[in-house]
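> Okay, here's the structure, questions in a sec.
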Amino acid sequence: MAHKIATEYVNATMQMTDVQMDQFLQGKRGSTLQMRVGVLEGGGHAIMLEDESGEEVHLPFERRNGMYVCELSCRLVNPKLTNEVRKLFAAFKGSGRVNRIYRGFTMSYDYHEGTVQRIAQLADGECSLVYEHKDTAGELERLFQSHAAEIEIKVIQDRVNALLDERLKSTSITHTQNIDEQLRLYNHRLFILEA
């Protein structure tokens, strides 16, 4: 089994509500990690977590749109501190890149709102894709919508052909104008569907 050397958070973000921030601050009281909290301008918090080895991580939570938002880039070595930040990142649906560094290779995880989107193994300058999230339900929905548009286009084309035949037979100017208005509306709808 490979031995992990470090974990890096690269341009990672996580956010929490006021209630979640209170729960986080209360929940760390019984932890083996030391926590110091400072207050930033604008009502944010500067939180520093430190383990018994002296390794520390700074978590600057700024207030934005009623949320506490933390932007984080750091490298952690100690397993206790690494595990604590991992739990925070998962609990508060973090986004960004997390690199787990092993001797000879790195596993790179791209997260979006707490969900792994992509995993790649980096070794000797090579990158090999291990996993990539596929939005199967979304793809099926888009395919269905695409098919529905094709069906509607076919129905409109059939209706336009019928209206054109009817226009050729029409002897009334009013009736011809009504047909022309319907054709204009169908033309507009076809333009939207085909775009």
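> What is the dipole size for the range 21-90, taken about its Cα centre, with +1 at each Lys and Arg Cβ and -1 at each Asp and Glu Cβ, in debye to the nearest 20?
Numbers: 9 positive and 10 negative charges, 44 e Å.
For this selection, approximately 220 debye.
> Shifting gears a bit: At 222 nm, what value in deg cm²/dmol follows for the chain if DSSP H runs of at least 4 each add -39500 (n - 2.57) and the sum is divided by all its residues, to the nearest 500?
Calculated from helices alone, the mean residue ellipticity at 222 nm is -14000 deg cm²/dmol.
> Roughly how tilted is helix 18-27, in degrees to the nearest 10 and between 0 and 90, from the longest Cα axis of the chain?
The helix 18-27 is inclined about 30 degrees to the chain.
> Between rounded, prolate and oblate, where does the range 52-99 land on the alpha carbon gyration tensor, with a ≥ b ≥ c its root eigenvalues, rounded for a/c under 1.5, else prolate if a/b exceeds b/c?
Prolate.
> Excluding same-chain pairs closer than 8 in sequence, count the lysine pairs in the chain whose Cα atoms lie under 23 Å apart.
Final tally of qualifying lysine pairs is 7.
> In addition: Please report, as a whole percent, how much of the solvent-accessible surface of the chain comes from carbon and sulfur atoms (probe radius 1.4 Å).
Ligands and nucleic acids excluded, carbon and sulfur reach 52 percent.
> So, one more: Name the GluC sites (Glu not before Pro) in the range 95-143 that are in a loop by DSSP and that have at most 13 other C-beta atoms within 10 Å, would you? It would help to have the intermediate numbers written out before the result.
On the way: sites: GLU113, GLU126, GLU132, GLU139, GLU141; in loops: GLU113.
Of the GluC sites (Glu not before Pro), the ones in loops of the range 95-143 whose Cβ has at most 13 other Cβ atoms within 10 Å are GLU113.
> Under Stokes-Einstein, with the Kirkwood radius over Cα pairs standing in for Rh, what whole-number D in µm²/s applies to the range 63-167 at 25 °C and 0.890 mPa s?
This corresponds to a translational diffusion coefficient of 134 µm²/s.
> Right, another one. For ARG159, ARG75, give the ranking by accessible area with the largest first, probe 1.4 Å. Spell out each step's value before the answer.
On the way: ARG159 90, ARG75 125 Å².
Descending accessible area places them as ARG75, ARG159.
> What do you reckon, how do PHE61, PHE144, PHE92, PHE191 stack up by accessible area (1.4 Å probe), largest on top?
Heavy-atom accessible area, descending, gives PHE191, PHE144, PHE92, PHE61.
> So which residue, out of LEU140, LEU81, LEU33, gets the largest mean-square fluctuation from a GNM of the chain using Cα contacts under 10 Å as springs?
Among LEU140, LEU81, LEU33, the largest GNM mean-square fluctuation belongs to LEU140.
> With every protein chain left in place and a probe of 1.4 Å, what is the accessible surface of THR171, to the nearest 10 Å²?
Near enough 140 Å² of accessible area.
> Something else: Please get the size of the charge dipole for the chain, origin at its Cα centre, with Cβ charges of +1 on Lys and Arg and -1 on Asp and Glu, quoted in debye to the nearest 20.
Its charge dipole is roughly 300 debye.
> For the chain, report the translational diffusion coefficient in µm²/s to the nearest whole number, using Stokes-Einstein at 37 °C, 0.692 mPa s, and a Kirkwood Rh over Cα pairs.
Translational diffusion coefficient: 151 µm²/s.
> Oh, and also: I'd like the accessible area for CYS70, computed on protein heavy atoms only with a 1.4 Å probe and all protein chains in place. Round to 10 Å², please.
Looks like 0 Å² after rounding.
> Which value, in Å² and to the nearest 10, is the accessible area of HIS147 when all protein chains are kept and the probe is 1.4 Å?
Estimated to the nearest 10 Å², HIS147 gives 100 Å².
> Sequence-distant or interchain residues sharing an amide H contact under 5 Å with TYR102, placed H: which?
Under 5 Å from the amide H of TYR102 lie the amide H atoms of ILE5, MET107, each far enough along the sequence or on another chain.
The values are calculated or read from the model by the stated rules, or taken from the named source; none is laboratory data. Remember, predicted model here, so these are calculated numbers, not experimental data. Quick reminder, even Gly has a Cβ in these numbers, built from the backbone with ideal geometry, and neighbours come from all protein chains shown. Note: accessible area is taken over every heavy atom of the protein model, side chains too, but ligands, DNA and RNA are not part of it. Shrake-Rupley method; radii C 1.70, N 1.55, O 1.52, S 1.80 Å.
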